[in-house]
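Student: This is the structure, below, for whatever I ask next.
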Amino acid sequence: MTVRKADPALRDAYVEVYRNARRFMAAHGNLEQWADKDFGAEVDLDLSSGVLYEARNEASELLGVFAFLPGPDPTYAEIEGVWLENTPYRVLHRVASTFVEPGFIAGVTEWAAKTCPHLRIDTHRDNLPMQRALCAAGFSARGIIHLSNGDPRIAFERV
């Protein structure tokens, strides 16, 4: 897997990755997460901020996209639970796979850990495939955080 900064010329393709991921989540019992998102604004913001990344396989097929941001993340300031460490960390947000091949979360995690070994991420309680993938990639559930709109998310951390 090769990870690189997202290409603004591929903006529409990235938006479609998120839309397909939303359809996948809904088909697998996660009806709430990203239900009200169109993703165009998020992709535009992540592209302009330089935090959107894409992953491709050896055949140059798009495997997925994600935002990779420096901490501290304000939504992680308060947790109903306990973080493993209070050292500098990076955050993975808006992680979406194209489902071209398995192992996207593991590959992204390994790439991200080379930049910063302390990682945090969160997901919806109904996103069971993501929860399983995060645990398999070495993350542990640390508790519940709340998004700026008050919605709860399960917070995960890997050190």
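The values are calculated or read from the model by the stated rules, or taken from the named source; none is laboratory data. Just so we're clear, the structure is a prediction, and the values are computed from it rather than from any experiment. Neighbour counts run over all protein chains shown; Cβ positions are idealised from the backbone, glycine included.
Student: Considering only region 77-94, I want to know if a residue exists there that is hydrophobic (A, V, I, L, M, F, W, C) and closer than 22 Å to Ala6 by Cα.
Tutor: In the first step, residues of region 77-94 are kept if they are hydrophobic (A, V, I, L, M, F, W, C); the result is 77, 79, 82-84, 91-92.
Now narrow it down to the ones that are closer than 22 Å to Ala6 by Cα: 91-92.
Scanning region 77-94 turns up at least one residue that is hydrophobic (A, V, I, L, M, F, W, C) and closer than 22 Å to Ala6 by Cα.
Student: Checking Gly71 against (1) buried (at least 19 other Cβ atoms within 10 Å of the Cβ); (2) touching a His at 6+ places or on another chain (Cβ under 9 Å), which test does it fail?
Tutor: If we test Gly71 against (1) buried (at least 19 other Cβ atoms within 10 Å of the Cβ); (2) touching a His at 6+ places or on another chain (Cβ under 9 Å), just (1) comes out false.
Student: Still on this model: Is region 85-94 home to any residue that is out of contact with any Asp or Glu (no Cβ under 8 Å at 6 or more places or on another chain), among the polar types (S, T, N, Q), on the phi > 0 side of the Ramachandran plot and modelled with pLDDT of 95 or more?
Tutor: Within region 85-94, none of the residues are out of contact with any Asp or Glu (no Cβ under 8 Å at 6 or more places or on another chain), among the polar types (S, T, N, Q), on the phi > 0 side of the Ramachandran plot and modelled with pLDDT of 95 or more.
Here is a yes/no grid of residues against (1) surrounded by fewer than 16 Cβ atoms within 10 Å (Cβ to Cβ); (2) under 21 Å from Arg125 (Cα atoms); (3) free of Cβ contacts under 8 Å to residues at least 60 places away in the same chain:
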site	(1), (2), (3)
Pro8	yes, no, yes
Val15	no, no, yes
Met25	no, yes, no
His28	yes, yes, no
Leu31	yes, yes, no
Asp36	yes, yes, yes
Phe39	no, yes, yes
Glu42	no, no, yes
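Student: Quick one: which of Gly150, Gly81 is free of Cβ contacts under 8 Å to residues at least 12 places away in the same chain and either over 25 Å from Val15 (Cβ atoms) or surrounded by 20 or more Cβ atoms within 10 Å (Cβ to Cβ) (or both)?
Tutor: Of the residues listed, the single one that is free of Cβ contacts under 8 Å to residues at least 12 places away in the same chain and either over 25 Å from Val15 (Cβ atoms) or surrounded by 20 or more Cβ atoms within 10 Å (Cβ to Cβ) (or both) is Gly150.
Student: Now for a different question. So how many residues does region 84-108 have that are among the polar types (S, T, N, Q) and exposed (fewer than 13 other Cβ atoms within 10 Å of the Cβ)? Step through it out loud before you land on a result.
Tutor: Taking region 84-108 and keeping what is among the polar types (S, T, N, Q), we get 86-87, 97-98.
Narrowing the set further to residues that are exposed (fewer than 13 other Cβ atoms within 10 Å of the Cβ) leaves 86-87.
Of the residues in region 84-108, 2 are among the polar types (S, T, N, Q) and exposed (fewer than 13 other Cβ atoms within 10 Å of the Cβ).
Student: Where in region 32-99 are the strands (runs of 3 or more DSSP E), entirely inside, with at least 3 residues that are of a type outside the set (A, V, I, L, M, F, W, C)? It would help to see each step written out before you state the result.
Tutor: On the way: elements: 52-56, 62-70, 90-97.
The qualifying strands (runs of 3 or more DSSP E) are 52-56, 90-97.
Student: Here's something else I'd like to know. So in region 109-123, with the set limited to residues that are touching a strand residue (DSSP E or B) at 6+ places or on another chain (Cβ under 6 Å) and outside any strand (DSSP E or B), which one is surrounded by the most Cβ atoms within 10 Å (Cβ to Cβ)?
Tutor: Ala112
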